[in-house]
Amino acid sequence: MNYQYLRDKREWSSEEIVSLLASEGDTMQQLFDIASEVKFHYAGNKVYLRGLIEYSNICAKDCFYCGIRKSNQEVRRYVLSEEEVLNAARFAYEQNYASIVIQAGELESPSFTRKISQLVRKIKDFSNGELGITLSLGEQKKETFREWFELGAHRYLLRIESTNPILFSAIHPDTSLHRFDRRLQALSDLKEIGYQTGTGVMIGLPGQKIEDLASDIQFFLDFDIDMIGMGPYLEHEHTPMFAQRNELISMADRFELTLKMIAVCRIVLKDINIASATALQAIHPEGREHGIAAGANVIMPNITPDRAKANYYLYENKPMFKEGVQKHLIELNRRLVASGNEIAYGTWGDSLHFAQRLNSKRANND
Ligand code: 5AD
């Protein structure tokens, strides 16, 4: 494969993306190496941190794949107290992570909106505006997105899960709460409001083809997305999709395919932020390091209080560290440095693509 050619290539056909995703063996290793080079060239070698706070596992949705879906009666539901969230955020601030993500099951009630608003306000207050806040709270009304943005949240993650509407329908119930079009609308709203907007898909879904994944990447490109978080689909016993576990590609193949998706996204999308998903680590103890070596540049250490962590169980084998998260990061960094990467502290690490997007918007308006 020709690095120089791929590094600067901007126009992509579906066939070209499919052929990169189909790389195997030595060619696959070359793909990872090229993705890594593209990352160093367009996004640098820093790996940015986002302390992940899983605020609540109460969810109004019933997605067929997800362990915290509404109908799963086996889950002990929780909501963190304000104090618990602020303590976790303070920890991230003191450790100099510079950014946090607040994630939760999806609710659209006024009281939920209000609580999130309060949290955003208080986190911005105690950190003098220094702690960057990403929200990952599902589909919301545009006014709600706007309220949170005006209070200081500046990035939002909302996975599309699959951009093939047929696959999307196959993994969600057919109700007004689970509509592909609403998801698209929410992503447009986020962008219009001014969020750095992230999305992503699950990889290795039953019936998902490599062509579907190529279309997902084409969507990221067309939609001009700033950030990506994607990971392998992992079965969960207490979900309807567990019944399809025999139709899945192997765990090892899902792992490899996820790394290839990261690499191809990096090569095609260049300067965006890409998270190395925790779900990679559910398959391989050094899964996140492999994600970084394949082109990702963000990791999300879980800083949810221990009492709640075990109940935010989206898929099987979700990693739970017993030892301190700090010790873990130091070891992680040692391994990252070996591949030319380095964890960055004290900087938001915003998507460079977002800055480019704003600049070109300004230039067009001049
Ligand atoms: N396997 C992998 N990822 C999952 N998610 C939910 N359930 C699963 C699963 N079984 C992911 C979805 C969602 C994010 C919060 O977690 O992509 O957007």
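FYI, it's all coordinate maths here, none of it is from the lab. As the structure is a prediction and not an experimental result, all values here were calculated from the model. Here Cβ is always computed from backbone atoms with ideal geometry, including for glycine, and neighbour counts include all displayed protein chains.
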**Request:** Only helical DSSP H runs with n ≥ 4 go in: add -39500 (n - 2.57) per run for the chain, normalise by residue count and round the 222 nm mean residue ellipticity to 500 deg cm²/dmol.
**Result:** -14500 deg cm²/dmol
**Asked** Using modelled amide H (1.01 Å from N, peptide plane; none on Pro or chain starts), what sits under 5 Å from the amide H of I274, excluding residues fewer than 5 places away?
**Response** I228, N297, V298
**Request:** Identify which of D26, D306, D125 has the largest mean-square fluctuation in a Gaussian network model of the chain, with springs joining Cα atoms closer than 10 Å.
**Result:** D26
**Message:** How high is the relative contact order of the chain? Use alpha-carbon pairs under 8 Å, at least six apart in sequence, and give a whole percent.
**Reply:** 25 percent
**Item:** Contour minus Cα-Cα distance for A310 and D33 (0.36 nm per residue)
**Value:** 96.2 nm
**Request:** Provide the per-residue ³J(HN,Hα) series for segment 340-357, in order, calculated from phi with Karplus coefficients 6.51, -1.76, 1.60 and θ = phi - 60°, each as a whole number of Hz, with x at glycine and proline positions.
**Result:** x, 9, 7, 5, 9, 10, x, 9, 4, x, 5, 4, 5, 4, 4, 4, 4, 4
**Fill in**
A correct Karplus calculation of ³J(HN,Hα) over segment 110-124, with 6.51 cos²θ - 1.76 cosθ + 1.60, θ = phi - 60°, whole Hz and x for Gly and Pro, returns x, 5, 5, 4, 5, 4, 5, 4, 4, 5, 4, 4, 5, 5, 4
**Asked** Taking K270 as the anchor, which lysines have their alpha carbon closer than 30 Å to its alpha carbon, excluding any fewer than eight residues away along the same chain?
**Response** K9, K39, K46, K142, K191, K209, K260, K318, K361
**Item:** Exposure proxy order (Cβ contacts within 10 Å, fewest to most) of V120, V201, V18
**Value:** V18, V120, V201
**Message:** How large is the translational diffusion coefficient of segment 53-97 in µm² per second when you combine the Kirkwood radius over alpha carbon pairs with Stokes-Einstein at 10 °C and 1.306 mPa s?
**Reply:** 131 µm²/s
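Kindly identify segment 214-366 as rounded, prolate or oblate by the Cα gyration tensor criterion: order the square roots of the eigenvalues as a ≥ b ≥ c, call it rounded if a/c is under 1.5, otherwise compare a/b with b/c, prolate if a/b is larger, else oblate. Kindly include the intermediate steps, with their values, before the conclusion.
Details: a/c = 1.85, a/b = 1.31, b/c = 1.41.
Oblate shape, in that a/c is at least 1.5 and b/c is the bigger or equal ratio.
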**Prompt:** Of all DSSP beta bridges located in the chain, what percent are antiparallel, nearest 5?
**Reply:** 5 percent
**Asked** Rounded if a/c is under 1.5, else prolate if a/b is larger than b/c, else oblate: which is the chain, with a ≥ b ≥ c the root eigenvalues of its Cα gyration tensor?
**Response** rounded
**Spin-label model distance (nm) - N246 vs N96, 7 Å beyond Cα toward Cβ** = 5.5 nm
**Prompt:** Taking the simple approach of a point 7 Å from Cα along Cα-to-Cβ for both E130 and A355, what is their distance in nm?
**Reply:** 2.0 nm
**Fill in**
For V47, the residues 5 or more places away or on another chain with a placed amide H closer than 5 Å to its own amide H are E342, I343, A344
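Taking the Cα centre of the chain as origin, sum charge times position over the Cβ atoms of Lys and Arg (+1) and Asp and Glu (-1), and report the length of that vector in debye to the nearest 20.
With only Lys, Arg, Asp and Glu charged at Cβ, the dipole is about 880 debye.
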**Asked** Between rounded, prolate and oblate, where does segment 1-102 land on the alpha carbon gyration tensor, with a ≥ b ≥ c its root eigenvalues, rounded for a/c under 1.5, else prolate if a/b exceeds b/c?
**Response** oblate
**Fill in**
Contour minus Cα-Cα span, N333 to R10, at 0.36 nm per residue, comes to 113.1 nm
**Request:** Give me the distance in nm between label points sitting 7 Å out from Cα along the Cα-to-Cβ direction at R179 and Q218, one decimal.
**Result:** 2.5 nm
